[in-house]
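Below: one structure, written as structure tokens.
The values are calculated or read from the model by the stated rules, or taken from the named source; none is laboratory data. Treat the numbers as computed from the prediction; the structure is a model and nothing was measured. With ideal geometry, Cβ positions are generated from the backbone for all residues, glycine too; neighbour counts draw on all protein chains shown.
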């Protein structure tokens, strides 16, 4: 049984993202890294080897730069990687990306489970896992903090979901799409041997035609103009008094006058 982990590359969370005068987004010399949320999905795929998974495949839609994220997953312990890349995906939104991922998954054999991180650190919508589930017609389980039981032979899965109101246990049929949260595990660091193996890996690239992508599908969300938010402006007034008690009284009167309290 195969588990597929979907990932992408995102700017390092420590990078300072800016928009220049021409509307181009830049993060300077900071590297692109695997989406941090997806590391938890990769780790879970590796751990599922002890629960019946025979092959773990990491999958991404993007360009050559996406291979770095795929190689990171390989270095952690995934068995193989596939990149889906084509000019047809230029300017893609979540709808286009999810369709490409779903078509690539259909091309693979014996897929019993598809794993995602909760969201991406650049887009942050969390829509892609749900959209992929819809394209595939599979059950979709989101905000999963624990895979309680999974039986690939019986085709069942039981998970714990982490919600604002608390936790809930949900059962469903396989194959399924699952998005995970941070509490599900602790991602391992890639080993030296894993890094060496990943660096030598030949990652196949599938085109839009090879996965049967519907090229009539166009993005519903576009970015005609991108601009930086204007800087916040504020004023600061220093209250001077001979004692702290006097300063506090002046501050209280000022807050009341400004209707802050």
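Results, tabulated for the structure shown:
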item: Test result for residue 189, within 25 Å of residue 34 (Cα to Cα) and either part of a strand (DSSP E or B) or within 35 Å of the chain's Cα centre (by Cα) (or both); result: yes
item: Residue 218 assigned to a helix (DSSP H, G or I) and in contact (Cβ under 8 Å) with a residue 40 or more places away in the chain; result: no
item: Residue 183 vs. criteria on the phi > 0 side of the Ramachandran plot and touching a residue at least 12 places away in the same chain (Cβ under 8 Å); result: no
item: Test: residue 123 is buried (at least 18 other Cβ atoms within 10 Å of the Cβ) and either under 26 Å from residue 186 (Cβ atoms) or free of Cβ contacts under 8 Å to residues at least 12 places away in the same chain (or both); result: no
item: So residue 225, is it in contact (Cβ under 8 Å) with a residue 60 or more places away in the chain, exposed (fewer than 14 other Cβ atoms within 10 Å of the Cβ) and out of contact with any helix residue (DSSP H, G or I) (no Cβ under 6 Å at 6 or more places or on another chain); result: yes
item: Yes/no for residue 142 being at pLDDT below 95, buried (at least 20 other Cβ atoms within 10 Å of the Cβ) and either within 30 Å of residue 90 (Cα to Cα) or within 20 Å of the chain's Cα centre (by Cα) (or both); result: no
item: Some residue of the stretch 126-138 being modelled with pLDDT under 95 and more than 21 Å from the chain's Cα centre (by Cα); result: no
item: Given (1) in contact with a strand residue (DSSP E or B) (Cβ under 9 Å, 6 or more places away or on another chain); (2) at pLDDT below 95; (3) over 30 Å from residue 163 (Cβ atoms), index of the condition residue 183 fails; result: (3)
item: Subset of the stretch 89-107 (residues that are over 22 Å from residue 68 (Cβ atoms), surrounded by fewer than 19 Cβ atoms within 10 Å (Cβ to Cβ) and more than 18 Å from the chain's Cα centre (by Cα)); result: 106, 107
item: Meets criteria (at pLDDT 95 or above and surrounded by 15 or more Cβ atoms within 10 Å (Cβ to Cβ)) for residue 195; result: yes
item: Residue check for residue 25: farther than 20 Å from residue 105 by Cα and over 17 Å from the mean Cα position of the chain (by Cα); result: yes
item: Counted residues, the stretch 227-246 - those being within 34 Å of the chain's Cα centre (by Cα) and at pLDDT 80 or above; result: 4
